[in-house]
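Asker: Sharing a structure with you now.
The values are calculated or read from the model by the stated rules, or taken from the named source; none is laboratory data. Computed from a predicted structure; not experimentally measured. Note that each Cβ is placed from the backbone with ideal geometry, even for glycine, and that neighbours are counted across all protein chains shown. To get the accessible areas, we keep the full protein, side chains included, count just its heavy atoms, and leave off ligands, DNA and RNA. Shrake-Rupley method; radii C 1.70, N 1.55, O 1.52, S 1.80 Å.
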Amino acid sequence: MTHDHHHEIPRYTPEQTELALNPPAGRNGGDLVVETLHGLGATTVFGLPGQHALGMFDALRRSDLDYIGLRVENNAGFAADAYGRVTGEVAPLLLSTGPGALTSLAALQEAAAASSPVLAISSQIPSAGLGGGRHGYLHELRDQQASFRDIVKSVHLVRTASQIPSAIAAAWQSALTAPHGPVWVEIPQDILLKETTLPLVTAVDATPRELLPRPELIAVAAHALSHARRPVIIAGGGVVRADAAGKLRALAEKLNAPVVTTFGGKGAFPWEHPLSLQSWLEDRHTTDFLEDADVVLVVGSGLGELSSNYYTFRPRGRVIQIEADLGKLESNLPALGIHADAREALSALLESVTGRDGAEAARDAVRTVLEKVRARLDAQDLALEQRVLASVREALPATAPSFWDMTILAYWAWSAWPGPMHSGQGAGGLGYGFPAAIGAAAADVTKPVLAVSGDGGAMYSIAELATARQYDLPVTWLIVDDGGYGILREYMTDAFGETTGTELARPDFVALAESFGVPAVRTSPETLREDLSKALAAPGPSVVVLPALLKLFAPTHLA
C-alpha cells in the first residue's frame, strides 16, 4: 500500500471559473457551512435551531441536505450518534450557543465512548464578545469550547468566513480517523450571518488518516498466536466500527480460537458459529475460560468495567491488545499493545499467522462453557425475563436494527441478544433508545427500527414522539413499565434494604402516544410477540407498552 497521497488539483473549465468568479448573491457564512457539508458527502443533518445559529438554519433552506429536527439537543445528539453507528458516515449536528450547546453534552459523551463520528457545529455569541470578557450577551459562556474539550476528539474554532470550509473539513477528517468520535466546531453568529462573496464550495478532501500497525509488533503477535495451545479472542466495538467482522472470522477459523464479543462488540462474530462463546461476559464460567487461555487476543476493546466482568478478569496467559484509541492501550492489563485500526491489524495478522489444528477441542470447549452458563441461568427463577427477550427477538425482522436504553431488558440483551444491537452503555446515560432509533430510521426509512426503554428512561425522550410523527419515521418503541428506575431499585434494595428516589409516577403511555398521533397498544408477556410484530410491520411510528417487573440474573463477580 503506498502512502503517496498527492492529488492533482482539478483544472477548472471556463464555465466553472465563471461561476467561481460570480457566485450567486444572497449567500452568508451559513451557506458556506452547508455547502462544505454537502461537498464532504453529507446527506442528512440533525439539530435544533437557536438565535445565534439561525444563519446555518436559513442556509439549509437553500441546500438539498435533509434536516431532522429533534425537540431536545441531547436527543438530537443521540440521533446523530445512531446515524453514525449504522452508516459509518459522519453525522452533522447543528446546535445553538450556551444552553443549546451544553444540553448536547451527555450525547457527545456517549458518542465518544462508543466511537460514533458526530460532527457538532455550534454557533457562538458575536465575535466582539469572545475572549472571556463578561459582556452579558444572551447565552454567553466565558469559554464555551472548554466545556467540550474533555469529551470530543478535537475542537475547531472559526474566526472568519474563509476558515469555515477548512475547519469543517479538518473536523470531518478527525471524526473519521480511527477511532471514530465526536468533534466540535464553533462559529460566531456574525460570521454565520454576514454576506459572503466567496465562491461556492465544491468538492472538499477530508480523507481520514490510516492507522496502520507497526510490522515488528504484528510479527511478535503472529508468532505467539501461531504457537498458542489455547488461544482465545475478545472482540470489542472497534471490530464493528472498522467493519472488520469478516477478517475476524477468518482469523478465528485459521487459529481455531474461540471468540467472545463484548457488549459494544455484538455483531463482530456470528452468534451461532461453533467457535462463538457469544457475549456472556458477566459470567464466571466465561471469565474462567478466558483466564485459562495461554494467548488472549483483544481486538478493539479497552477491557473496561463491563468487558472485564467488573475488573475480576485476571488472565494467566499472554495478552495481545489491538486498539485504535491510544489511551486504552494497556490501560487495564499489561499486554503487547498494538496501536492500530482493527481492520488493518487483523488483515496483517491474517497474512502472518500459520494455521493451527485443534478445531474439535476448541468447539468442545465452547460448547462446555455455554452449557455451564445455561445451567447457571436455569437454576434461577428467570423464565419471564427469558421469554420476554425471546418474544422481542422473534418479532424483530433479521435486518432491522435495535436501540436499547439503560434498562433491565437491555442488560439482559447485552449478554443474551444474538446479533448486532446498539445501546447507551458507552457512557451509560438514560434516554438513548428512542432518539437513537429516530437517527437510524432517518438513515434508512425502508426498514423498521426498534427502540427499547424502561418507563424512567422513556420520560427523558417522550418529546421525540412528536419528531417521529412529524417525519413519519418507522420507529417502534417498546416501553417496559415497572413503575420506576428498576435497576436502581434492585441495587438499592441489595445494598441498603430499601429504596430512595427510584419510584416514579408516570403517564398513561398509551394515551400519551395517541395524543401525539402515534398508535399505541398495551401488551402482556403472553401477547408481546404478536403485538410487537404487528407494530413493526405497520408504517410510521408506534408504541408498545409492556407492564412488567423484570429481574436481572445474579451477578458472578461478587462471589
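Asker: Can you find, within the stretch 482-525, the residue that is farthest from Ala538 (Cα to Cα) among those that are among the charged types (D, E, K, R) and in contact (Cβ under 8 Å) with a residue 60 or more places away in the chain?
Answerer: Selected residue: Glu490.
Asker: Right, next: Inside the stretch 256-274, can you point out the residues that are touching a Leu at 6+ places or on another chain (Cβ under 9 Å) and not β-branched (Val, Ile, Thr)?
Answerer: Result: Asn256, Ala257, Pro258, Phe263, Gly264, Ala268, Phe269.
Asker: Of everything in the stretch 139-148 that's touching a residue at least 12 places away in the same chain (Cβ under 8 Å) and either over 33 Å from the mean Cα position of the chain (by Cα) or not in a loop (DSSP other than H, G, I, E, B) (or both), which residue is surrounded by the most Cβ atoms within 10 Å (Cβ to Cβ)?
Answerer: Among residues in the stretch 139-148 that are touching a residue at least 12 places away in the same chain (Cβ under 8 Å) and either over 33 Å from the mean Cα position of the chain (by Cα) or not in a loop (DSSP other than H, G, I, E, B) (or both), the one surrounded by the most Cβ atoms within 10 Å (Cβ to Cβ) is Phe148.
Quick grid of which residues meet (1) of a type outside the set (Ser, Thr, Tyr); (2) open to solvent by 30 Å² or more (accessible area, probe 1.4 Å); (3) in a helix (DSSP H, G or I):
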{"residue": "Leu536", "(1), (2), (3)": "yes, no, yes"}
{"residue": "Gly540", "(1), (2), (3)": "yes, no, no"}
{"residue": "Leu546", "(1), (2), (3)": "yes, no, no"}
{"residue": "Leu552", "(1), (2), (3)": "yes, yes, no"}
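Okay, residues lined up against (1) under 18 Å from Ala554 (Cα atoms); (2) among the acidic types (Asp, Glu); (3) open to solvent by 10 Å² or more (accessible area, probe 1.4 Å):
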{"position": "Lys372", "(1), (2), (3)": "yes, no, yes"}
{"position": "Asp381", "(1), (2), (3)": "yes, yes, yes"}
{"position": "Pro401", "(1), (2), (3)": "no, no, yes"}
{"position": "Asp405", "(1), (2), (3)": "no, yes, no"}
{"position": "Leu409", "(1), (2), (3)": "yes, no, no"}
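Asker: Of the residues Leu212, Leu217, Leu251, Leu225, which is within 15 Å of Ala324 (Cα to Cα) and more than 25 Å from the chain's Cα centre (by Cα)?
Answerer: Leu217
Asker: Can you go through Arg393, Arg469 and tell me which one is open to solvent by 10 Å² or more (accessible area, probe 1.4 Å), under 30 Å from Thr43 (Cα atoms) and among the charged types (D, E, K, R)?
Answerer: One residue alone meets the criteria, Arg469.
Asker: Residue check: is Gly181 over 23 Å from Met406 (Cβ atoms) and not in a strand (DSSP E or B)?
Answerer: Spelling it out, it is not the case that Gly181 is over 23 Å from Met406 (Cβ atoms) and not in a strand (DSSP E or B).
Asker: Here's another thing I want to ask about it. What helices (runs of 4 or more DSSP H), lying completely within the stretch 68-135, carry at least 2 residues that are closer than 26 Å to Asp325 by Cα, touching a Gly at 6+ places or on another chain (Cβ under 7 Å) and open to solvent by less than 10 Å² (accessible area, probe 1.4 Å)?
Answerer: Of the helices (runs of 4 or more DSSP H) lying wholly inside the stretch 68-135, those with at least 2 residues that are closer than 26 Å to Asp325 by Cα, touching a Gly at 6+ places or on another chain (Cβ under 7 Å) and open to solvent by less than 10 Å² (accessible area, probe 1.4 Å) span 73-87, 105-114.
Asker: Scan the helices (runs of 4 or more DSSP H) fully inside the stretch 381-471 and keep the ones with 3 or more residues being closer than 23 Å to Gln109 by Cα.
Answerer: The qualifying helices (runs of 4 or more DSSP H) are 408-416, 433-443, 455-458.
Asker: Shifting gears a bit: For the stretch 500-523, how many residues meet the condition of being assigned to a loop (DSSP other than H, G, I, E, B) and open to solvent by less than 30 Å² (accessible area, probe 1.4 Å)?
Answerer: Total meeting the criteria: 3.
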